[in-house]
Amino acid sequence: MKNASPCTLADVARHAGVAISTASIALRNDPRLPVETRRRIKKAARQLKYRPDPVLAALVTRRLHRTGRQSFANVAALIDDRWRPIARREWMEKFLNGMRRICEALGYHLDELYMQSDLGGSHGANRVLRARGIRGLALLPMPAHPFDLELDWNEFAVVAVGNLQTPHRFHRVGSDAFASMQIACDRLVAHGYRRIGLVHTLEIERRLRYEWLGSMAKEAYLETKRFTVIPPHLPEILEEKAFQRWIQKYRPDALISNDDRPYRWLAATGIRIPRDMGYVSLNREVTPRPDTSGIAQHLDIMGENAAELLHTMLSRGETGIPRHAKEVLVYPHWVEGKTMRRQKSVATP
């Protein structure tokens with residue numbers, strides 16, 4: 001017996017009594033259509049057991065990529081106003097550059113909006129975003145907690161960047177922080193460093209779910225001890241005098257940090273890098289010294305992944321808070337610099 005032809009989008013539109021284009025945007029949960037219309041069309045799709053054609057979707061995406069034609073929606077990167085006094089941080093520009101590349105290729109317009117000054121906080125934010133035709137949101141990291149923006153999330157596809165502490169668990173993109181610390185420790189050990197210290201604020205660790213700290217702390221529990229894990233210096237506020245006291249007390253032979261200030265403070269006291277101490281940056285893409293040894297987190301690739309994930313969600317009509325959030329992690333890589341040198345003694349601690 002010959003199998004029945006699969007249900008098409010035209011069948012759904014005919015069953016719901018609408019145009020094919022209307023059925024298409026309804027199945028993407030586009031808020032330009034009334035809620036009741038979307039519900040009726042989705043019900044028709046369920047009754048007919050409609051399934052989108054993945055090959056056709058891929059061809060449409062490829063055509064948009066080639067022609068650069070404007071897509072059916074805009075996306076926005078939401079930025080915390082607390083970044084304003086620090087100007088536009090270099091990490092943010094790298095991330096946004098990655099988003100822009102993919103948005104332009106897929107035909108989206110990328111807006112950069114500040115949560116308070118552009119959206120007025122939670123009051124009226126949905127109305128502002130709706131007026132701009134924005135369907136996808138990338139929530140950028142915040143300099144401090146809490147996250148206090150409340151929206152009707154059901155109107156948007158949402159991707160969190162980094163480990164954003166929100167009341168809701170969204171899909172997220174980020175760097176593999178645990179792997180970053182593992183790579184940094186491996187390189188330091190290979191150069192013969194045996195007393196390695198971690199220095200930056202505790203807030204940074206909170207934002208990273210303590211993955212840097214956890215990756216280093218595990219070294220103390222390995223069967224073969226590769227180096228001495230000295231107590232990390234992770235204050236709420238990083239201050240020079242307290243940092244110098246920590247250096248004098250524990251005398252590390254190498255430092256790992258996501259903050260540039262320890263490097264400057266060491267130089268001010270006459271400690272020479274790398275002659276007297278090794279130094280590794282956990283985010284060398286934004287360090288002011290291009291010769292720093294350290295980790296490249298690929299912030300631009302993270303931005304590309306955020307835009308691609310939003311596009312996928314919008315194409316499928318996925319909006320709101322996901323039932324099961326997923327993560328896309330970008331694996332970091334090591335960049336050799338001049339802030340480490342091979343140590344004379346490589347004895348096991």
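All of the numbers you see were taken from the coordinates with simple rules; none came from a lab. All values derive from a computational prediction rather than experimental measurement. In this analysis, Cβ positions are derived from the backbone assuming ideal geometry, glycine residues included, and neighbour counts consider all displayed protein chains.
Assorted remarks:
- Springs join every pair of Cα atoms under 10 Å in this Gaussian network model of the chain, and among Ala19, Ala190, Ala105 the largest mean-square fluctuation is at Ala19.
- To the nearest ten degrees, helix 90-106 and the longest principal axis of the Cα atoms of the chain are 30 degrees apart.
- Residue-span extension gain [Lys249 to Arg39] - 0.36 nm each, minus C-alpha spacing: 69.0 nm
- Highest average packing first - 303-315, 157-169, Cβ atoms within 10 Å: 303-315, 157-169
- Loop trypsin sites (Lys or Arg not before Pro), segment 194-289, which have at most 12 other Cβ atoms in a 10 Å radius of their Cβ (DSSP): Arg272, Arg275
- Dimensionless Rg ratio for segment 103-190, taking C-alpha atoms and the 2.2 N^0.38 Å reference: 1.39
- Only one item in [x] 54; [y] 49; [z] 57 matches percent of Cα pairs over 26 Å apart derived from the coordinates shown, and that item is [z].
- Helix 299-316 and the long axis of the chain differ in direction by around 20°, with both axes built from C-alpha atoms.
- Each pair of Cα atoms in segment 162-215 enters the Kirkwood radius, and Stokes-Einstein at 4 °C and 1.567 mPa s then converts it into a translational diffusion coefficient of 103 µm²/s.
- In this calculation the C-beta distance from Ala131 to Glu203 is compared with R0 = 41 Å, giving a FRET efficiency of 0.75.
- If R0 is 41 Å, the Cβ-Cβ spacing of Glu112 and Arg342 corresponds to a FRET efficiency of close to 0.40.
- Rough spin-label spacing in nm, given labels placed 7 Å along Cα→Cβ, for Arg195 and Thr312: 4.7
- Multiplying the residue separation of Trp334 and Thr8 by 0.36 nm and subtracting their alpha-carbon distance yields 112.4 nm.
- Within straight-line cross-link reach of Lys249, aspartates and glutamates at Cα separation under 19 Å, skipping those fewer than 8 residues along the same chain: Glu239, Glu240, Asp276
- Computed from label points 7 Å out along Cα-Cβ, the spacing between Gln165 and Asp186 is 3.1 nm.
- Calculated over segment 173-301, the projected area of the Cα convex hull averaged across directions stands at 8.0 nm².
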